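Novice: Dumping the structure here so I can ask a few things about it.
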Amino acid sequence: VSRGARHAVIRSLWRVSPAFREWFFPREIRDSGLLFIHVPKTAGTSIHMALYGRALSHDPLAAWQSTYPRSMAGIRTAAVVRDPVDRFLSAFHYLKRGGMNSFDAEFASRYLQPFATAGDLADAIERTDVQRWLLSEGFHFRRQADFLRDRSGTVRIDHLFAYERLDEAAEQLSVILGRPITFPHLNRSDRSDSSLSERQRELVRSVYAEDVALHERVLADHGPR
């Protein structure tokens, strides 16, 4: 049987057999009992490497639940949320440099070319056409809350941490998993020339209002540092 024929059979079984899909649930998640949702530009690559030894996908919680309902039934969840303005700046500069793969480079070429600076994009963020691709076409600019919703549409994560307190996240995940966790500093974006005016920051916050509220709640829940 040719490789193409085998792939066709696998694709067909994947579409029609939920039991078949369960075989592909990542062993690292099953063994640890913890799914860390990788919200783009929130240190997810570093955390996945620390937890699983490799980077997993950016799939939202609802996608994991829909694809692997049986395996997900007993899995705890965790994620990191970040100040939306800082994340916006990080995503802009990361993609402007070409990102990590051809998909990132294509997205930057198609959508970011008209914007020389992050401020230019912030100035245009109220436009309907800009919001459409910003929040749906790629995933680095999607709302963080959209990655954290379950199949009912509710943000429902067992352990939520703030990006600004990754040391605290490492400590708590060490307790949860029963082994020491440290995060390497991977995939950081340079924002040295990315200052925004207060008006531009407010424009970004208005589009990501749900993320602003979520981030502030996580900071408040964990108390002052």
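Novice: Within 14 Å of Thr42 (Cβ to Cβ) and within 17 Å of the chain's Cα centre (by Cα) - does that describe any residue in region 101-112?
Specialist: Going through region 101-112, the residues within 14 Å of Thr42 (Cβ to Cβ) turn out to be none.
Within region 101-112 (the criterion being within 14 Å of Thr42 (Cβ to Cβ) and within 17 Å of the chain's Cα centre (by Cα)), the answer is no, since none of the residues qualifies.
Novice: Mind checking whether some residue in region 64-71 is aromatic (Phe, Trp, Tyr), modelled with pLDDT of 95 or more and more than 17 Å from the chain's Cα centre (by Cα)?
Specialist: Scanning region 64-71 turns up no residue that is aromatic (Phe, Trp, Tyr), modelled with pLDDT of 95 or more and more than 17 Å from the chain's Cα centre (by Cα).
Novice: Can you name the condition, by its number, that Gly98 falls short on among (1) in a helix (DSSP H, G or I); (2) out of contact with any Lys or Arg (no Cβ under 7 Å at 6 or more places or on another chain)?
Specialist: If we test Gly98 against (1) in a helix (DSSP H, G or I); (2) out of contact with any Lys or Arg (no Cβ under 7 Å at 6 or more places or on another chain), just (1) comes out false.
Novice: Of everything in region 37-63 that's within 14 Å of the chain's Cα centre (by Cα) and closer than 20 Å to Trp23 by Cβ, which residue is modelled with the lowest pLDDT?
Specialist: Step by step, filter region 37-63, then rank; the result is Ser57.
Novice: Quick one: would you say Gly4 is closer than 30 Å to Val204 by Cβ, open to solvent by less than 50 Å² (accessible area, probe 1.4 Å) and either in contact with a Lys or Arg (Cβ under 8 Å, 6 or more places away or on another chain) or at pLDDT below 90 (or both)?
Specialist: On the way: closer than 30 Å to Val204 by Cβ: no; open to solvent by less than 50 Å² (accessible area, probe 1.4 Å): yes; either in contact with a Lys or Arg (Cβ under 8 Å, 6 or more places away or on another chain) or at pLDDT below 90 (or both): yes.
The answer is no for Gly4.
Novice: Moving on. Could you tell me which numbered condition Leu89 fails, if it satisfies all but one of (1) open to solvent by 20 Å² or more (accessible area, probe 1.4 Å); (2) more than 12 Å from the chain's Cα centre (by Cα); (3) under 14 Å from His140 (Cα atoms)?
Specialist: Only one criterion in (1) open to solvent by 20 Å² or more (accessible area, probe 1.4 Å); (2) more than 12 Å from the chain's Cα centre (by Cα); (3) under 14 Å from His140 (Cα atoms) is unmet by Leu89, namely (1).
Novice: Just give me the residues in region 114-172 being open to solvent by less than 10 Å² (accessible area, probe 1.4 Å), in contact with a strand residue (DSSP E or B) (Cβ under 9 Å, 6 or more places away or on another chain) and assigned to a loop (DSSP other than H, G, I, E, B), in sequence order.
Specialist: Within region 114-172, Leu148 is the sole residue that qualifies.
Novice: Scan region 48-95 residue by residue and report those that are in a loop (DSSP other than H, G, I, E, B) and either touching a helix residue (DSSP H, G or I) at 6+ places or on another chain (Cβ under 6 Å) or not hydrophobic (A, V, I, L, M, F, W, C) (or both). So that I can check it myself, show each step before the final result.
Specialist: Of region 48-95, the ones in a loop (DSSP other than H, G, I, E, B) are 53-60, 68, 73-75, 82-83.
Once the filter is applied, which keeps residues that are in a loop (DSSP other than H, G, I, E, B) and either touching a helix residue (DSSP H, G or I) at 6+ places or on another chain (Cβ under 6 Å) or not hydrophobic (A, V, I, L, M, F, W, C) (or both), region 48-95 yields Gly53, Arg54, Ala55, Leu56, Ser57, His58, Asp59, Pro60, Tyr68, Gly74, Arg82, Asp83.
Novice: List pairs: first in region 113-130 and in contact (Cβ under 8 Å) with a residue 40 or more places away in the chain, second among the aromatic types (Phe, Trp, Tyr), Cβ under 6 Å, 6+ apart or cross-chain?
Specialist: Pairs that qualify, where the first residue is in contact (Cβ under 8 Å) with a residue 40 or more places away in the chain and the partner is among the aromatic types (Phe, Trp, Tyr), are Ala118/Phe92.
The values are calculated or read from the model by the stated rules, or taken from the named source; none is laboratory data. Note that the structure is a prediction, hence the values are computed from the model and not measured. With ideal geometry, Cβ positions are generated from the backbone for all residues, glycine too; neighbour counts draw on all protein chains shown. Areas reflect the complete protein model, heavy atoms only, side chains present, ligands, DNA and RNA absent. Shrake-Rupley method; radii C 1.70, N 1.55, O 1.52, S 1.80 Å.
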